[in-house]
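Chemist: Take this structure, written in structure tokens, and hold onto it; I'll ask about it next.
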Amino acid sequence: MSPRDSTGPDWARSTAPGRGGLEHVSLGQSRFMTPGVAPDPRGILLGRYGLLIFPTLEGVVSWLRLYSAESPLDELLAALEISQVRTPLGSREMAVRIPAISSYVVDRAARCALLVGGATYTGTAKHFVKYRDDRSPYGYDAADLTPLPPDASIMVHGEDFTQTYARERDLPLDRLLLRLSRRRIPGGADLRPDERRELFLVVAHGLGEGVIRYLWRNRVVGRVGLVTPERKSAFDESRARVHLLFRVQDLPARILDLFRSTPGIDIFRPLTENVAVEVGYAHPIDLASCQSLFEPSRFFLFWGQRDQVDTIAAPLELSGIEHLTRLDIQLDQATSGDTLQIAALDAVGVPLELAPSLNPSRRVVGSLIPLEQARWLKRLIYFLPQTSLRGHRMALTDRGILIVASPDVDVIPLGTPLAEVAPGLLVPLGWDLVPRVAPDVLARSLGHNAGLYTVFPPSGAAFQIGDSALAPLERRALARIEIGGAEVLDARIEPPAEPAVVNEPVGRFALWGFRAPGRGD
Amino acid sequence: MGWSDLGELLERFVLPLVSGGELVVGRPIAIDALGDLEAQIPHVTPQLVAVDEARTEVIAELVVRPPALVFEADELCLAACVHNLLFLVHPRADSWAVSTSARMRVLDTAQEMAARPLSQSRSRVLARHGLLHNLFRLTRMDTKISWWTGSATYLGQRPPGRLRTWRSVRRVREEQSVASYEDLLGTVEVAPVVTALLRRAPLTQLLAMTRDGPPLYWEDAVFLLRDAELARAVAYRSLRGSEPRQVVAAPARFAAAFEQMLERAPAESDVRAVAAFLVHLNALLVVGEAGDREIGPRSPLLSAVLSPERAGQRQRGLATFFSLPAALAQIDPRLGVPPGVATDALLADRWLRHRAQVVEGVGEAVIETLAGRLRRHLTAVLPEHVSM
């Protein structure tokens, strides 16, 4: 049945949307017509949510693609909703609701949405007003609010219009992710050495022994397991294939080329702990930025050419390939050899190192500023708002200036940004500590405990500093100031006096001898 | 006392005229004496600097960068003209010893002093305004003392102390009154000279249009509207006040002078400039209401000044002032709506409400008549040539 034939609700048959009106929000404004909105610390009008409206689903995907490339989607997933909505005139559009964590997040979302033809609004429940733009840097407030028609779920207030929408259906993001086809990347199969550090091979069962032997001969470290993709239904006969799944490390380029050209061997590159995408292909959306969507108990293989997603029970239990090489057993020959004595075994200790992280980037909690950049920090302090000055703590050390920010402010953009791998354990952003031992084990071995900050700088040894050594930046910002007494002056300006005519005595014959103009003596 | 010393004249008359205070009026200044006074200009630098600084302070309220002001013969002539006009209301100028012909000689002298060349130079106009800006604020304290056997009136003079002694015994009563511009310079006798004086300082006249004064000739003042900074100063000064009738007093006088201008043969560019300025004043009134949420759909200002009950008490030019945007929209829509109004939805909405309320208040016949008068001076523009 077409929407025209349906007996729609009253609002759907109502007249065209009314002409809206928005007022520019000014700095310091505290009262607003729109319900559920308030200014954030920067003075920008913000509701609990941002609402992005796109004409088609392609717009939504393009936005997700753009946004995930710039910032992790994980921070939005808690309240992200994608819905298909319908206007009173029957046209369909797509609405994406995101939590308005901060105006910086909504700024980024709005910029990406504008780039792909979407519009951004903010609000809390039903009324959403246009988000700020260049013409009104602090946002807009609705000038006139009208109640929603009975079946409308949201109303957006634009500059020249108001529009109501009814929600038709929701589109979960995880389902959308699995539906999207991978796209081929030109030259994407030529992997750099760091990209070849760990790879997955899906090998047909019949080729298993040959591949194991070949890898073993070429001294490639690897582990292998027999996996069966989970069946979606009892009739899913085509998925009842059994594969050998290899996890290999530092695969040489020549072997990679050989495997790529061998039928029955498919190569996958891990993006996160439990997601891998076929080499040469990429998912439109950065999967690493939405890791929380993928259950930890599943391992996801995104095929490129076959356009399918296989899931495998995780964690993967794999065995070393060195134990699976063919053995020649000759029981007839007697063995002979020396008896050796084993001395006391030393502990196997490996040094702790920094390595590029595969995990999505964590929140930056601090910064380590080299001492030579202290002058920049001094200049920057003049421009910081009071909330930032209050939210930062700093300590001056011989290794640099350590800045630690409270959770509600953004860290000063100077020096090396630091992320927290465990409470008080700071590493440079984008790096991880290897070996990946549990945080409590790591803390114990480092002698790290509460009240301490252990910092791993990008170069040089780690150092520790007590929490008490960090002082609020607003206290450290001021140099010693000599204050002298000042005399209070009266700055009031007297109003200008009225000009008053005073007639001076001029004598009885004031005009005696006064000559007319142009007349001589 | 005669004014033979320029320093004394500057200190006791010119400086109070500029910055307020008691300005002393003595014997009139003859034309011949101007040459002697002008020759002293290089020798009275401290007094000149004080006057120039006071003038700079005055025009600093109007422009961001006041021009350098130098007191010279032009200012000396105009100041001497004002002095001589004020002498004509000196009590001694009205005594039996001063004949009518003698008064006429003083008046002719003042007229000749005011006959300085007209100027459209920005710095010259600002310099003259700095000197004459207080012309409409001149006052004089008059005192009348009555006692048991008689009375005496002292115009701008302090009564002698002997008349105030034994107040109760002699039943002394003292009454004070203030003579204002109308009493000092608004008389029929001196009005032509004041008009000539203000034609040399059109900025002073435009800025003082909230008060009664000589009639405005837009042809002399229209060049000021082409200077955005000065036009803005005039516009903001003309809309001062809180009472509706007070707010529209100056715009109504501007519009009345515009009506008079249309009866003459002005240049089309001048008509366009004045019309655009008046439409801009209309827009400022709209802007004043656009952001106020407490104001309903109808403008309280228009309701107060255009109410049918007070149609008989309307100021002259008021209907023309409010009808002008609608009349211009029929001839040249570019003049009918100030630029920028259409881009702001709230402002545009308020502008349309104002226009509708004006049509309701003054009637379409008034607008049509005004449009007809404007058509004689303005070249009509075809709608397709209008880009808005």
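The values are calculated or read from the model by the stated rules, or taken from the named source; none is laboratory data. None of these values were measured; they are calculated from a predicted model. Please note: Cβ atoms are built from the backbone with ideal geometry, for glycine as well, and neighbour counts cover all protein chains shown.
Chemist: Could you check B:Ile145 against (1) free of Cβ contacts under 8 Å to residues at least 60 places away in the same chain; (2) facing chain A (nearest Cβ under 8 Å); (3) surrounded by 17 or more Cβ atoms within 10 Å (Cβ to Cβ); (4) not acidic (Asp, Glu) and say which number it fails?
Modeler: (2)
Chemist: Let me ask something else. Hey, could you check segment A:145-174 for residues that are among the hydrophobic types (A, V, I, L, M, F, W, C) and over 29 Å from the mean Cα position of the chain (by Cα) and say which is farthest from A:Arg92 (Cα to Cα)? Lay out the reasoning, then the answer.
Modeler: Taking segment A:145-174 and keeping what is among the hydrophobic types (A, V, I, L, M, F, W, C), we get A:145, A:148, A:152, A:154-156, A:161, A:166, A:171, A:173.
Filter once more, keeping what is over 29 Å from the mean Cα position of the chain (by Cα): A:145, A:148, A:152, A:161, A:166.
Numbers: A:Leu145: 24, A:Leu148: 18, A:Ala152: 14, A:Phe161: 17, A:Ala166: 10 Å.
Per the criteria, the residue is A:Leu145.
Chemist: Then there's this: Being part of a loop (DSSP other than H, G, I, E, B), within 29 Å of A:Leu22 (Cβ to Cβ) and in contact with an Asp or Glu (Cβ under 9 Å, 6 or more places away or on another chain), is that true of even one residue in segment B:298-306? Full working, then the answer.
Modeler: First pass over segment B:298-306, keeping only residues part of a loop (DSSP other than H, G, I, E, B): B:298-299, B:306.
Still in the running and within 29 Å of A:Leu22 (Cβ to Cβ): B:298-299.
Applying the additional criterion that residues be in contact with an Asp or Glu (Cβ under 9 Å, 6 or more places away or on another chain) yields B:299.
Within segment B:298-306, one or more residues are part of a loop (DSSP other than H, G, I, E, B), within 29 Å of A:Leu22 (Cβ to Cβ) and in contact with an Asp or Glu (Cβ under 9 Å, 6 or more places away or on another chain).
Chemist: Within segment A:18-43, restricting attention to residues that are buried (at least 21 other Cβ atoms within 10 Å of the Cβ) and assigned to a loop (DSSP other than H, G, I, E, B), which residue is farthest from the other protein chains (Cβ to nearest Cβ)?
Modeler: A:Val37
Chemist: Follow-up. Before we move on, is B:Gly213 among the small types (Gly, Ala, Ser) and closer than 30 Å to B:Gly363 by Cβ?
Modeler: Criteria not met by B:Gly213.
Chemist: Can you tell me which residue in segment A:52-86 is farthest from A:Tyr121 (Cα to Cα), limited to those that are in a helix (DSSP H, G or I) and of a type in the set (A, V, I, L, M, F, W, C)? Steps first, answer last, please.
Modeler: Let us first name the residues in segment A:52-86 that are in a helix (DSSP H, G or I), namely A:57-70, A:73-75.
Now restrict to residues that are of a type in the set (A, V, I, L, M, F, W, C): A:57, A:60-61, A:63-64, A:66, A:69, A:73.
Working: A:Leu57: 18, A:Val60: 15, A:Val61: 18, A:Trp63: 15, A:Leu64: 17, A:Leu66: 18, A:Ala69: 22, A:Leu73: 19 Å.
Step by step, filter segment A:52-86, then rank; the result is A:Ala69.
Chemist: Does any residue of segment B:44-55 turn out to be within 14 Å of another protein chain (Cβ to nearest Cβ) and free of Cβ contacts under 8 Å to residues at least 24 places away in the same chain?
Modeler: Checking segment B:44-55: at least one residue is within 14 Å of another protein chain (Cβ to nearest Cβ) and free of Cβ contacts under 8 Å to residues at least 24 places away in the same chain.
Chemist: Just one of the numbered conditions (1) within 12 Å of the chain's Cα centre (by Cα); (2) farther than 26 Å from B:Pro66 by Cβ; (3) not in a loop (DSSP other than H, G, I, E, B) is not true of B:Leu206; which one?
Modeler: (2)
Chemist: In the set B:Ala30, B:Ala39, which member is within 14 Å of chain A (Cβ to nearest Cβ) and not polar (S, T, N, Q)? Talk me through it step by step, then tell me what you get.
Modeler: Values: B:Ala39 fails: within 14 Å of chain A (Cβ to nearest Cβ).
That would be B:Ala30, the only listed residue that is within 14 Å of chain A (Cβ to nearest Cβ) and not polar (S, T, N, Q).
Residue-by-condition table, conditions (1) under 27 Å from B:Gly213 (Cα atoms); (2) surrounded by fewer than 16 Cβ atoms within 10 Å (Cβ to Cβ); (3) within 12 Å of another protein chain (Cβ to nearest Cβ):
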residue: B:Arg92; (1), (2), (3): yes, no, yes
residue: B:Trp96; (1), (2), (3): no, yes, yes
residue: B:Leu107; (1), (2), (3): yes, no, yes
residue: B:Ser119; (1), (2), (3): yes, no, no
residue: B:Arg140; (1), (2), (3): yes, no, yes
residue: B:Pro159; (1), (2), (3): no, yes, no
residue: B:Val188; (1), (2), (3): yes, yes, no
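Chemist: Under 8 Å by Cβ, and 6 or more places apart or on different chains, what pairs join a residue from segment B:158-179 that is closer than 18 Å to B:Thr139 by Cα with one that is small (Gly, Ala, Ser) and surrounded by 11 or more Cβ atoms within 10 Å (Cβ to Cβ)?
Modeler: Qualifying pairs under 8 Å: B:Pro159/B:Ala152; B:Glu175/B:Ser146; B:Ala179/B:Gly156.
Chemist: Next question, about the same structure. Considering only residues of segment A:76-87 that are crowded, with 17+ Cβ neighbours inside 10 Å and at pLDDT below 90, which is farthest from the chain's Cα centre (by Cα)?
Modeler: Checked segment A:76-87; the qualifying residue farthest from the chain's Cα centre (by Cα) is A:Leu77.
Chemist: Could you list, in sequence order, all residues of segment B:1-22 that are in contact (Cβ under 8 Å) with a residue 40 or more places away in the chain and either more than 22 Å from B:Gln111 (Cα to Cα) or not aromatic (Phe, Trp, Tyr) (or both)? Explain how you work it out, then say what you get.
Modeler: As a first pass, look at segment B:1-22 and keep what is in contact (Cβ under 8 Å) with a residue 40 or more places away in the chain: B:3, B:6-7, B:9-10, B:13-14, B:17-18, B:20.
Result: B:Leu6, B:Gly7, B:Leu9, B:Leu10, B:Val14, B:Leu17, B:Val18, B:Gly20.
Chemist: Of all residues in segment A:89-98, which are surrounded by fewer than 18 Cβ atoms within 10 Å (Cβ to Cβ) and either out of contact with any Gly (no Cβ under 9 Å at 6 or more places or on another chain) or in a strand (DSSP E or B) (or both)? Write out each step before concluding.
Modeler: Filtering segment A:89-98 down to residues surrounded by fewer than 18 Cβ atoms within 10 Å (Cβ to Cβ) leaves A:89-92.
If the condition is that a residue be surrounded by fewer than 18 Cβ atoms within 10 Å (Cβ to Cβ) and either out of contact with any Gly (no Cβ under 9 Å at 6 or more places or on another chain) or in a strand (DSSP E or B) (or both), then A:Leu89, A:Ser91, A:Arg92 are the ones that fit.
Chemist: What residue, of A:Asp160, A:Asp174, A:Asp144, is away from chain B (no Cβ under 14 Å), in contact (Cβ under 8 Å) with a residue 12 or more places away in the chain and acidic (Asp, Glu)?
Modeler: On the way: A:Asp160 fails: away from chain B (no Cβ under 14 Å); A:Asp144 fails: away from chain B (no Cβ under 14 Å).
None of the others qualify; the one that does is A:Asp174.
Chemist: Just one of the numbered conditions (1) outside any helix (DSSP H, G or I); (2) closer than 27 Å to B:Val222 by Cα; (3) of a type in the set (A, V, I, L, M, F, W, C) is not true of B:Ala273; which one?
Modeler: Failing condition for B:Ala273: (1).
Chemist: Please go through segment B:192-251 and pick out each residue that is surrounded by fewer than 23 Cβ atoms within 10 Å (Cβ to Cβ), among the hydroxyl-bearing types (Ser, Thr, Tyr) and closer than 18 Å to B:Val279 by Cβ.
Modeler: The answer is B:Tyr236, and nothing else.
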